[in-house]
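The values are calculated or read from the model by the stated rules, or taken from the named source; none is laboratory data. Because the structure is a prediction, the values reported are computed rather than measured. Here the Cβ positions follow ideal geometry from the backbone for every residue, glycine too, while neighbour counts run over all protein chains shown. Note: areas computed on protein heavy atoms with side chains; ligands, DNA, RNA excluded. Shrake-Rupley method; radii C 1.70, N 1.55, O 1.52, S 1.80 Å.
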Amino acid sequence: MAGFPFYQLDRFLKILVQDLQKYVAISEEFANNLAGKARSNGLMFNRKVARIVTPGTLIDEKFMDHYEHNFLLALYINTGDQEAKSVDTTMLSSDELSSSSDQSVGLSWLDLSTGDFFTQHTTRSMLPSALVRIGAKEVMLDEGLGHSLRREIQNLVGQGHRLTYFPRPHSIRPLSAWSDSFESPISLDLAATFSTEETAACHVLLEYVQTQMQGMDVKLQAPRRKHLEDTMIIDRNSLKGLEILETARDGLGKGSLLHAVRRTSTKSGARLLRDRLTSPSASLSVIDQRLDLVSGFVEDPDLQENITLLLKRSYDSQRLVQKFSLGRGDADDLLCLSRAIDASSRIKSVLSEQVGDDRGEKAPDSISHRCETLRSMVCRLNMDGPEELSTRILQTIDEEALLRKQRIEEQDAADAAALAHEVIATEGSLEDFDSLPKRVRSQKTDRSRDSKESETDESNTWIMRRHASFTLQQLHKSLESLYQEKTSLTEKLRSDAKTTNLSLKWTPGLGHIVHIKGSKAMSQCLDALGVTRTVASSKSTRSFHLPSWTNLGARIDEMKLQIRSEEQLIFKSLRQAVIRNLVKLRRNSAVLDELDVACSFAFLAREQGMVRPILNMGFSHKIVGGRHPTVKLGLEEKGRPFINNDCFIGGQERIWLITGPNMAGKSTFLRQNALITILAQVGSFVPAEYAELGIVDQIFSRIGAADDLFRDQSTFMVEMLETAAILKHASQRSFVIMDEVGRGTAPEDGIAIGFACLQHLHDVSRCRTLFATHFHSLADMTSDFGNLGRYCTGIIEESNGSFSFIHKLEPGVNRKSHALKVARIAGVPQSVIEVARTVLHDMSPILSQPRMEESQTSATVLARQ
Ligand SMILES: Nc1ncnc2c1ncn2[C@@H]1O[C@H](COP(=O)(O)OP(=O)(O)OP(=O)(O)O)[C@@H](O)[C@H]1O
Ligand SMILES: [Mg+2]
């Protein structure tokens, strides 16, 4: 048990929930009604748990990363009739997830902060890539699952993440029975489209959310199924190895593909971009539509800039809307929402103008496609309800009064902070001072404005405009007349007491008091008013109660209370109006997100000189002048040029076997082509001069970045696990990059394994493969492979002994690794280099023929098998 001051809630929630992965129960006090009072033996307040905060159930906490989704994921593995049993954890082949037992798995994940809800039906072998792709902040697992499976999943989601276990439910409610949790009911037909496993995962997830939110009304979007066949699957190793979201070395965003291509203007747009990068499309029509939109913005920079400017004013409307659906959100949020709606309307009219402009002309095909896509965006933006809502918000909420109120609240907070500061400065320790929030710590102690002195303020801090409702208007009129009564009473009392220094006040300690200051004939004044007892006095002031002011003051207070509760009623009805528009608002913001991503890609394309890729259903890649999106940027920062390279695989040459010295750019080439493929299928332009790509269903890579991060397996074991996954799952439509397979063991074994892999990929998988290796004998051993091309990079050696890398890929085999040159650049001591050179020289006759023959023999044996 631990306690902390309320103003530090955010700070401690971050530490407890996000950093330490703890669950925090928030208990609140609620005023008891009569029945409650009777039940609790007269207690005025009831204390109950209002919410349990866990890493996956954050709503609008300030510390949330707005550029990422905050997903809670439930995983339901169908164990069939057989009970989930503990598997022997000592077995070496403990990689259960990639084992051959391909059980059905239902995945269901949601983001409470946006209301997004997805499901997917997958298999156990595909689970790792799904887990990495979704990147959930909390994962729910069946408590009956075997120990090694749990351990495997823990490794996949990261040791820092806590798994939440649920008991296997006895009965599963169909999705149609959860209608209360969704923005609109789920029909029986729609519910039937989800598999049993998906429905079970949804059941577990929704039950958990209900418990954690303690009955808070949660309105989620209807679950959307992610179909495996519609998306390009990027396996877990590729997501990490290709550094799509973060760099493998330091796990930071900078240097990753996401970081390099992100030019989005809104946080929700950034989230969509992230989702798309992890699951590019595999549907030609979807990709073409996305590319049409980007092309439109590339060709019309003014349009893109206009839309971008408007997007910047649209706030994070997904999260804004979700706040209201969870019964949260304040007047400020309403104003933001209204501005977001206004931005959407303007976007709609800008786009409509564009579509209208182009409609008259006889447009060529490309332009008419572009118009079609823009037109569909315009149609999807449904402003009917939202525009009304926005007008209502602006007519109801008094923005200036709200600002005034905020200023007063800030001042009050500053006063409170200054008071805390003073108290601690006089009575507290240094530790106490440190525990103050920074904002409070920096407050000056000068409390020139004494809040207690503040008189009842007649320019009250109402946030609604007077005419927001008839009742409110009447109440304000009544309040005004009460204020007039107060003025008359003041005048009467002043004339009775014959002083102008009399005023009617209210203070927290004394209530409604009459105050006279500086009057020379103080006692006469008091006598004239019939005052016999004062409640406070100083040298020159007197304060006392007068029934006429006490009664009037009470009536003013009562009226203010009524106004406040009427304002609350109006606010509640506005909140309900937001909820009534929930579906439209969410759909509109989804359109805005798509526009944001498209504008971002268009901006990037112009900035980086990218081209529109041509996608088709073929099985080949034709990339001319390809570049690596992140390495290029890194080199340019250092003032070095990046050398473009072509890649023509598929067709005659399905496999490219690439050799070359260390540091020659082999790995870069492999990755750049995988990244270009991903970018194209995400719907972005690509860094190349020309790109024609046959749609890819899965990207696999064996590049061995930071092996040990993934699990506690030996380097070679990881290498083989990943290789096995590629050989088992790659289809003819897949794209495989293999970097130095076999390097983790003895050269002979490595060569043998490399050869066997190449043969399998060539004869069985028949997929597009880029294979980089230092085992140049592989080039000779595969001489009879009909669909394998050999390419290499090299170095230019100068007569003075210096050398430089060419970085340009050419047909052929390079048998020199120039490893010692690289070692020298790296700063290995010259004496060590000399020894290495002597050893290399002595070994070269031994290394060349006999061993190679041995490998060739084993390769032939493998080839025959
Ligand atoms: N096309 C290119 N143009 C310019 N510089 C490049 C290019 N490709 C790679 N480089 C530079 O060379 C460095 C090494 O590239 P890379 O890691 O791809 O080499 P490699 O051939 O895989 O080396 P190794 O065999 O040691 O793994 C990169 O970090 C980059 O700075
Ligand atoms: Mg390399």
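Residue-level analysis places PHE700 among those that are touching a residue at least 60 places away in the same chain (Cβ under 8 Å), more than 15 Å from ligand 2 (Cβ to nearest atom) and either closer than 13 Å to ASP739 by Cα or assigned to a loop (DSSP other than H, G, I, E, B) (or both). A single entry from ARG542, ARG533 fulfils the requirement of being free of Cβ contacts under 8 Å to residues at least 60 places away in the same chain and open to solvent by less than 70 Å² (accessible area, probe 1.4 Å): ARG542.
If the condition is being open to solvent by 20 Å² or more (accessible area, probe 1.4 Å) and hydroxyl-bearing (Ser, Thr, Tyr), then the range 206-242 contributes TYR208, THR211, THR231. Reported count of residues in the range 761-787, each being among the hydrophobic types (A, V, I, L, M, F, W, C), away from ligand 1 (no atom under 16 Å from the Cβ) and open to solvent by less than 10 Å² (accessible area, probe 1.4 Å), is 2.
Within the range 259-274, identify whether any single residue is open to solvent by 10 Å² or more (accessible area, probe 1.4 Å), of a type in the set (Gly, Ala, Ser), touching a strand residue (DSSP E or B) at 6+ places or on another chain (Cβ under 7 Å) and outside any helix (DSSP H, G or I), and answer yes or no. No; the residues of the range 259-274 include none that is open to solvent by 10 Å² or more (accessible area, probe 1.4 Å), of a type in the set (Gly, Ala, Ser), touching a strand residue (DSSP E or B) at 6+ places or on another chain (Cβ under 7 Å) and outside any helix (DSSP H, G or I). If the condition is being buried (at least 24 other Cβ atoms within 10 Å of the Cβ) and near ligand 2 (Cβ under 8 Å from one of its atoms), then the range 658-669 contributes only LYS666. When each of PHE755, PHE716, PHE710 is tested for being over 33 Å from the mean Cα position of the chain (by Cα) and at pLDDT below 80, the lone residue that passes is PHE716. Residues that are more than 34 Å from the chain's Cα centre (by Cα) and among the acidic types (Asp, Glu) within the range 404-420 comprise ASP412, ASP415, listed in sequence order.
Scanning the range 594-622 for residues that are out of contact with any Ser or Thr (no Cβ under 9 Å at 6 or more places or on another chain) and either within 11 Å of ligand 1 (Cβ to nearest atom) or β-branched (Val, Ile, Thr) (or both) yields VAL611, ILE614. Checking every residue in the range 798-810 against the condition of being away from ligand 1 (no atom under 16 Å from the Cβ), loosely packed, with under 15 Cβ neighbours inside 10 Å, over 45 Å from the mean Cα position of the chain (by Cα) and in a helix (DSSP H, G or I) gives zero matches. For the residues SER125, SER148, the requirement of being open to solvent by 10 Å² or more (accessible area, probe 1.4 Å) and either modelled with pLDDT of 90 or more or not in a strand (DSSP E or B) (or both) singles out SER125. Determine whether the range 640-655 contains at least one residue that is basic (Lys, Arg) and surrounded by fewer than 18 Cβ atoms within 10 Å (Cβ to Cβ). Yes: one or more hits.
Across the range 788-797, the qualifying residues are those that are away from ligand 2 (no atom under 16 Å from the Cβ) and not basic (Lys, Arg), and the one among them that is surrounded by the fewest Cβ atoms within 10 Å (Cβ to Cβ) is ILE796.
For TYR315, the criteria (1) modelled with pLDDT under 90; (2) open to solvent by less than 10 Å² (accessible area, probe 1.4 Å); (3) among the aromatic types (Phe, Trp, Tyr) hold in every case but one, which is (2). Considering the conditions (1) touching a helix residue (DSSP H, G or I) at 6+ places or on another chain (Cβ under 9 Å); (2) assigned to a helix (DSSP H, G or I); (3) modelled with pLDDT of 90 or more, LEU504 is excluded by exactly one of them, (2).
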